[in-house]
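A quick write-up on the structure given underneath.
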Amino acid sequence: MTRHEADIFISGGGIAGQVAAAVLAARGYSVVLADPVPPATGADRAGADLRSTAFLQPARDLFVSCGLWERLAPLATPLDRLQVIDTTGWPPVEGERRVFEAADMSDEPFGWNLMNWVVRRELWDYLQAAPRVTALYGTGFKSLVNRTTETIVTLTDGSSVRAKLAIAADGKLSPLREAAGIGVTTTRYGQKSLAFTVTHELPHDNISTEIYNEGGPFTIVPLADLDGRPASAIVWMNKGPRSVELMEMEVEAFEQVMFERSTGLLGWMQLEGNRSIWPIITQTADRLVEGRVAVVAEAAHALPPIGAQGLNTSLNDIAALVAALEAHPADPGEPHVLANYEHARKADIRARARVIDLFNRVAGSGEAQVQALRQMGLRAVHDIAPVRRGVMRAGLGPA
Ligand SMILES: Cc1cc2nc3c(=O)[nH]c(=O)nc-3n(C[C@H](O)[C@H](O)[C@H](O)COP(=O)(O)OP(=O)(O)OC[C@H]3O[C@@H](n4cnc5c(N)ncnc54)[C@H](O)[C@@H]3O)c2cc1C
């Protein structure tokens, strides 16, 4: 059976694992990445990820650092404004509306939106040509020996990888995190989210909009035109049974409910392609490091899809890990290096998880008192300039 040797082993080749491989290889490390599921690199491929990600400025900086941004920038839609509309009842009646301007902070957009399957396609192309990366798709992590001087990983095809550092980027259920003996704390909300793409009558003007109502936000994130029509990615959170009902609804009826839920903001919305459905949880790993194993991305934290925090927080983990390695480049799994990584990320992850958890409860509440509080909070956050800028800055990434 094949025996691989590398500086770093990465379990999981989702977006986070792929980006980690790209960034670490660009820093000169040899990397072996394994994932049992090959990336679906077309919208119509089985298992294609039909969500989009609004990459915030720190994520863009990470992409720039390894030459990925040149590929992604031409495909991305900049987000210049963020609009929050608070509604109550059904059909939803607008209570408050506030617009946050990226120009209030800097001359750059808040972020850049890209379909996840497009990002995976570009990452896959990049990694195939990248020196020092061995991407093993079709085989996964099976077992771990976590020694003081190295890790030895066995893969499901019987091959092994000897590396100084093993990174768990293998998602919420992370088998590598579990093998390292790191537990998780999970909060379930009984919510699910639909994610899908629409075209619509009116232009989006590069404004991302979150419309609150009972069940959770309906989020519209601008995309590039599709067949000459304005297009957006939608993330629509609801109580679980309602999401399942919407997932299974005939397209015509679904479009009618979606039109009402969107308050007709962008005119009639036409569903393009399939709907996908996602459980909503908050989950944090109890520790980010054990021996020579570092935990990143959804293996370290899963958050409700509010404020584009999920994958962006994951990319902040990767940036922090790379920065920590600079202190001791010769041994990326050295205990002090990993302790510095954990120190740099733990508090930020905990704080983000707490804020998003609270936000999710308040945003989806149908109780009149909580709704009144929500509208008051929105007015305060927006209308008091220093508070507004502080919240916007915190939303973009760690200080
Ligand atoms: C509806 C929705 C909308 C979202 N929108 C945004 C947004 O706008 N902005 C944002 O920042 N975030 C967003 N997120 C969050 C974001 O999509 C996730 O954080 C991200 O996709 C997770 O990436 P990941 O690479 O950590 O995990 P995953 O994509 O789950 O990748 C984990 C990988 O590990 C692999 N794996 C499993 N078992 C093994 C094994 N034994 N060995 C090796 N590999 C294994 C899996 O096959 C998989 O490829 C959203 C989430 C949801 C649910």
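Listed by position, the strands (runs of 3 or more DSSP E) contained in region 1-57 that have at least 2 residues being modelled with pLDDT under 95 are 52-56.
Quick grid of which residues meet (1) of a type in the set (A, V, I, L, M, F, W, C); (2) within 11 Å of the ligand (Cβ to nearest atom); (3) open to solvent by 20 Å² or more (accessible area, probe 1.4 Å):
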| site | (1), (2), (3) |
| --- | --- |
| Gly13 | no, yes, no |
| Ala22 | yes, no, no |
| Ser65 | no, no, yes |
| Ile85 | yes, no, no |
| Val93 | yes, no, yes |
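Would you mind stating whether Asp157 is open to solvent by 50 Å² or more (accessible area, probe 1.4 Å), at pLDDT below 95 and of a type in the set (D, E, K, R)? Criteria not met by Asp157. Being under 19 Å from the mean Cα position of the chain (by Cα), among the charged types (D, E, K, R) and near the ligand (Cβ under 8 Å from one of its atoms) is not true of Asp61.
Can you find a residue in region 268-286 that is part of a loop (DSSP other than H, G, I, E, B), in contact with a helix residue (DSSP H, G or I) (Cβ under 6 Å, 6 or more places away or on another chain) and open to solvent by less than 10 Å² (accessible area, probe 1.4 Å)? No - not one qualifying residue is present in region 268-286. The number of residues in region 131-147 being surrounded by 19 or more Cβ atoms within 10 Å (Cβ to Cβ) and out of contact with any Ser or Thr (no Cβ under 9 Å at 6 or more places or on another chain) comes to 1. Of the residues making up region 161-174, those that are out of contact with any Leu (no Cβ under 9 Å at 6 or more places or on another chain) and either open to solvent by 20 Å² or more (accessible area, probe 1.4 Å) or within 11 Å of the ligand (Cβ to nearest atom) (or both) number 6.
Quick check on Gly17: is it within 15 Å of the chain's Cα centre (by Cα) and either polar (S, T, N, Q) or within 16 Å of the ligand (Cβ to nearest atom) (or both)? Here the answer is yes, as Gly17 does meet what is asked. Yes or no: Glu150 of a type in the set (D, E, K, R), open to solvent by less than 60 Å² (accessible area, probe 1.4 Å) and farther than 22 Å from Thr313 by Cα? Judged against the criteria, Glu150 is a match.
If you check Thr53, Thr77 for being closer than 20 Å to Val198 by Cα, buried (at least 22 other Cβ atoms within 10 Å of the Cβ) and near the ligand (Cβ under 10 Å from one of its atoms), only one passes: Thr53.
Just checking, does region 30-40 include any residue being surrounded by fewer than 20 Cβ atoms within 10 Å (Cβ to Cβ), within 17 Å of Arg120 (Cα to Cα) and away from the ligand (no atom under 13 Å from the Cβ)? There is no residue in region 30-40 that is surrounded by fewer than 20 Cβ atoms within 10 Å (Cβ to Cβ), within 17 Å of Arg120 (Cα to Cα) and away from the ligand (no atom under 13 Å from the Cβ).
Annotation: Leu315 fulfils all but one of (1) open to solvent by 10 Å² or more (accessible area, probe 1.4 Å); (2) out of contact with any Pro (no Cβ under 6 Å at 6 or more places or on another chain); (3) in a helix (DSSP H, G or I); the unmet one is (1). Taken together, Pro203, Pro217 contain a single residue that is within 25 Å of Ala102 (Cα to Cα) and surrounded by fewer than 16 Cβ atoms within 10 Å (Cβ to Cβ), which is Pro203. Applying the criterion of at least 1 residues that are in contact with a helix residue (DSSP H, G or I) (Cβ under 8 Å, 6 or more places away or on another chain) and of a type in the set (Phe, Trp, Tyr) to the strands (runs of 3 or more DSSP E) found wholly in region 81-130 leaves 93-101, 111-115.
Filtering region 57-76 to residues that are touching a strand residue (DSSP E or B) at 6+ places or on another chain (Cβ under 8 Å) and closer than 15 Å to Asn116 by Cβ leaves Ala59, Phe63, Leu72, Leu75, Ala76. Scanning region 309-364 for residues that are more than 17 Å from the chain's Cα centre (by Cα) and of a type in the set (Val, Ile, Thr) turns up Val322, Val337, Val362.
The values are calculated or read from the model by the stated rules, or taken from the named source; none is laboratory data. It should be emphasised that the depicted structure is a prediction, and the values quoted were computed from it without experimental measurement. Heads up, the Cβs are rebuilt from the backbone with ideal geometry, glycines too, and the neighbour counts pull from every protein chain shown. What goes into the accessible areas is simple: the full protein's heavy atoms, side chains included, and nothing from ligands, DNA or RNA. Shrake-Rupley method; radii C 1.70, N 1.55, O 1.52, S 1.80 Å.
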